[in-house]
Every structure is written in C-alpha cells, then in structure tokens.
Amino acid sequence: MLDGFPTIRLVPASGIVHPVVTHTGAAAAVTIVGEAMAGFVLEYGDEPVQGQTTCPAILAVKVTLPNPGAAPMKVPVGFSPCGAPDISVSAVLSQAQYKSLVG
C-alpha cells in the first residue's frame, strides 16, 4: 500500500539544485495487487524566470515512494526545470486515477 507523496531528489548534470517542491492533490491509500500499477505526476516550468539565462539540466530523479522501508529508485530523465527550480508533485495515484489525469 502506498499512501502519500513520493519524495523527489533531482540529479543535475552539474552542481547542486535545491528545488522548491509543491504537493498537489489529496493523498489517499493506493493498494497495488498483482500486475496493477500506480504513478504520480511531476510538473515543472521550462521558461527562464527572474533573469535566468539557463535552467539546470536534470539527468535523473531519485524517487522514494511513501511506503515504510522504501528505497530510493534512480530514474533516468532529461529535462531542465526553471525557477528555483520549481517542481509540483502529485500524491501517488492508482492506475485509473493516473490515466484519467494524463490520458
């Protein structure tokens, strides 16, 4: 059972980033049985703000699911969030909730 928000750590190409993470939506317990899946939505802006000329290149995201004893998983990605960077993360969603949200 997963209940809550994943913990997100951005892995930049260089340097250190300290994202401002906002949680969206209400958390509810999601039970995964058999081959069922769950997910979450990570959103970011890629337009430079407040005088930024570039945004940090992110090579991976370390995700820890809201489950006692969960180990972080490193997921390779490629994106450049702007802001501090500003990241929005949803609660863990059931497969049906995820599909209705993102298609």
Open item on the list: Can you list the strands (runs of 3 or more DSSP E) lying wholly within segment 22-103 that have 2 or more residues being in contact with a His (Cβ under 9 Å, 6 or more places away or on another chain) and among the hydroxyl-bearing types (S, T, Y)?
Closed with: 86-90
- [ ] Would you please list the contacts, defined by Cβ atoms under 7 Å and residues six or more apart or on different chains, that run from a residue in segment 1-16 that is surrounded by 15 or more Cβ atoms within 10 Å (Cβ to Cβ) to a residue that is of a type in the set (F, W, Y) and part of a loop (DSSP other than H, G, I, E, B)?
- [x] P6/F40
Task: In segment 17-31, the residues that are under 20 Å from V75 (Cα atoms) and surrounded by 13 or more Cβ atoms within 10 Å (Cβ to Cβ) - done: V17, P19, V21, H23
- [ ] Would you mind telling me which numbered condition in (1) touching a Gly at 6+ places or on another chain (Cβ under 9 Å); (2) free of Cβ contacts under 8 Å to residues at least 24 places away in the same chain Y44 fails?
- [x] (2)
Task: Residue in segment 51-71 that is surrounded by the fewest Cβ atoms within 10 Å (Cβ to Cβ), counting only those that are touching a residue at least 12 places away in the same chain (Cβ under 8 Å) and within 14 Å of G83 (Cβ to Cβ) - done: T54
TODO: Could you grab me the full set of residues in segment 38-50 that are surrounded by 13 or more Cβ atoms within 10 Å (Cβ to Cβ) and aliphatic (A, V, I, L, M)?
DONE: A38, V41, L42
Task: Matching entry among S90, S80, S100 (being crowded, with 17+ Cβ neighbours inside 10 Å and either at pLDDT 90 or above or among the basic types (K, R) (or both)) - done: S90
Task: Filter result for the condition that a residue is under 15 Å from G4 (Cβ atoms), at pLDDT 95 or above, among the hydroxyl-bearing types (S, T, Y) and within 13 Å of the chain's Cα centre (by Cα), over T24, T64 - done: T64
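The values are calculated or read from the model by the stated rules, or taken from the named source; none is laboratory data. These numbers come from a predicted model, not from an experiment. As a convention, Cβ positions derive from the backbone with ideal geometry for all residues, glycine included, and neighbour counts pool all protein chains shown.
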